[in-house]
Amino acid sequence: MEKFIYEELGKTGGCPDPSVNSARSDYELIMEIHLNVRPETMKDEQSVLKLVGDWRKFQMAYVETKCMVTGEEVQNYAFWKTREEPEYHGPPASQCPAGTTATSDGLCGLILEDWEKKEVPED
């Protein structure tokens, strides 16, 4: 997901105005990218909920960069979210959205078809 943030930053020269972009959508999922998020402007719960409060958001990426023009830190987020908007009733992960499955943590996560567990060699 981070590479999509970097792609969007590349379109702005690395110094974006605060914005929200929906990109990389397919039939069931939408990637929502928030560029140049400024936490100091989030004065109330409502503004924070606009960033992270949508229950359809189920995976997040964060990239912090520096604008080479101004020297300011630039905080950027990306979220995968479902297009579906049904109400869910029941225990966690009992009704995962399409394209996701229940994890061992009791949450819903992406289905990664080509993923395989690899051991990391010890030094």
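Numerical summary
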read-out	value
Rg/Rg_ref, the range 2-89, where Rg_ref = 2.2 N^0.38 Å and atoms are Cα	1.15
Efficiency of FRET between Ile30 and Val69 - r from beta-carbon atoms, R0 22 angstrom, step 0.05	0.10
Label point distance in nm, Gln59-Ser47, each placed 7 Å from Cα along Cα→Cβ	3.0
Net charge, Thr12 excluded, C-beta distance under 14 Å - Lys, Arg +1, Asp, Glu -1	-2
Separation in nanometres of the label points that stand 7 Å from Cα toward Cβ, at Cys15 and Ala102	5.1
Loop-located trypsin sites (Lys or Arg not before Pro) in the range 9-74, at most 14 other Cβ atoms within 10 Å (DSSP)	Lys43
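Values quoted throughout were computed directly from the atomic coordinates according to the rules given, and no laboratory measurement underlies them. Just so you know, these numbers come straight off a predicted model, no measurement behind them. For neighbour counting, all protein chains shown are included, and Cβ atoms are generated from backbone atoms with ideal geometry for every residue, glycine included.
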